[in-house]
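FYI, it's all coordinate maths here, none of it is from the lab. It should be emphasised that the depicted structure is a prediction, and the values quoted were computed from it without experimental measurement. Because the Cβ atoms are built from the backbone with ideal geometry, glycine has one as well, and the counts that use them run over all protein chains shown.
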Amino acid sequence: MLDKLLIATRNPGKIRELQAIFGHLPVRLLTLTEAGFAEDTPETGDTYAANALLKATAACRGTGLPTLADDSGLEVDALRGRPGLLSARYAGPAATDADRRAKLLAELAQMPDSPRTARFRCAMACVHPGFPERIVEGVCEGRIAPAPVGAGGFGYDPVFFMPEFGCTMAELDEAIKNRVSHRARAAQKALAVITEWQQTP
């Protein structure tokens, strides 16, 4: 019986997205604050999957609840995959989303002939006290726009142009983004894991 599911992130944008994606499930979705878990888990892994698993495992052990956690990043081909694992800290620990976008665009401005192809990559860890750990992944391909456009989303969304939609991720309708983003694609795979948890007595 699965009646509660912990979303192990303190990022308001991620919480909002995952609550929308998993909102139809017959379970109560809890944030770390609601679950009373105050610990901040260092992201010391060398892959998205490793970091996601660190966060999910710590929160599951600390609360006893089935837990989902993700780690994600933006990989720009011209920058040899950067910012990658450092996406959230790309312009320094105190930087804002706008600071990180500005740093990224400034670096690409020095490389005008380089391809602007890029991708968002997400790894999501599914950890349950009574089941083996599972990792699922989602990828969303696009390219870096010349300047930020759009007021939706968060992070690098305003500079991530999606050719199939003719706009940046920040311009997408929220319902569409929650079907096609890297996190949404990982979450769709996680749904199969959650269903398995639900169906096991």
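Whole-Hz Karplus ³J(HN,Hα) for the stretch 135-152, in order, using 6.51 cos²θ - 1.76 cosθ + 1.60 and θ = phi - 60°, x for Gly and Pro?
These are the phi-based 3J(HN,Hα) values: 10, 10, 9, x, 10, 10, 8, x, 8, 7, 6, x, 8, x, 9, x, 10, x Hz.
Between A95 and T31, how many nm apart are label points set 7 Å from Cα along the C-beta direction?
Taking the simple label geometry, A95 and T31 are separated by 2.5 nm.
Using DSSP to call loops (not H, G, I, E or B), can you name the trypsin sites (Lys or Arg not before Pro) in the stretch 1-51 whose Cβ has at most 15 other Cβ atoms within 10 angstrom?
Counting only loop positions with at most 15 other Cβ atoms within 10 Å, the trypsin sites (Lys or Arg not before Pro) in the stretch 1-51 are R10.
Taking every Cα atom in the stretch 1-102, find the radius of gyration and the maximum pairwise distance Dmax, and write them in Å.
15.0, 48
Quick one: what are the phi-derived ³J(HN,Hα) couplings along the stretch 68-75, Karplus 6.51/-1.76/1.60 with θ = phi - 60°, whole Hz, x for glycine and proline?
Result, rounded to whole Hz: 10, 9, 10, 9, 8, x, 9, 10.
Treat each spin label as a single point 7 Å out from the Cα along the C-beta direction, and report the V180 to N11 distance in nm.
Distance between label points: 2.0 nm.
So what is Rg over Rh here for the stretch 4-199, counting just Cα atoms and using Kirkwood for Rh?
With Rh from the inverse mean 1/r over Cα pairs, Rg/Rh is 0.98.
Quick check on the exposure proxy: order H182, H24 from fewest to most C-beta atoms within 10 angstrom.
With the sparsest Cβ surroundings first, the list reads H24, H182.
Mind listing the long-range amide H neighbours of F160? Cut-off is under 5 Å, sequence gap 5 or more, other chains count too, H placed in the peptide plane at 1.01 Å from N.
A145, M169, A170
How much net charge surrounds Y156 when only the other residues with a Cβ under 10 Å from the Cβ of Y156 are counted, with Lys and Arg +1 and Asp and Glu -1?
0
I need T44, T200, T31 ordered by Cβ neighbour count within 10 Å, fewest first.
Listed from fewest to most nearby Cβ atoms, that is T44, T200, T31.
Any chance you could run the full-extension gain for V149 through A192? It's 0.36 nm times the residue separation minus the Cα-Cα distance, nm to one decimal.
12.1 nm
With a cut-off of at most 12 other beta carbons within 10 Å, and DSSP calling the residue loop, which GluC sites (Glu not before Pro) in the stretch 149-201 qualify? Please list them.
Those satisfying the criteria are E164.
Using 1/(1 + (r/R0)^6) with R0 = 22 angstrom and r between the beta carbons of E133 and A38, what's the FRET efficiency to the nearest 0.05?
In this case the efficiency is close to 0.45.
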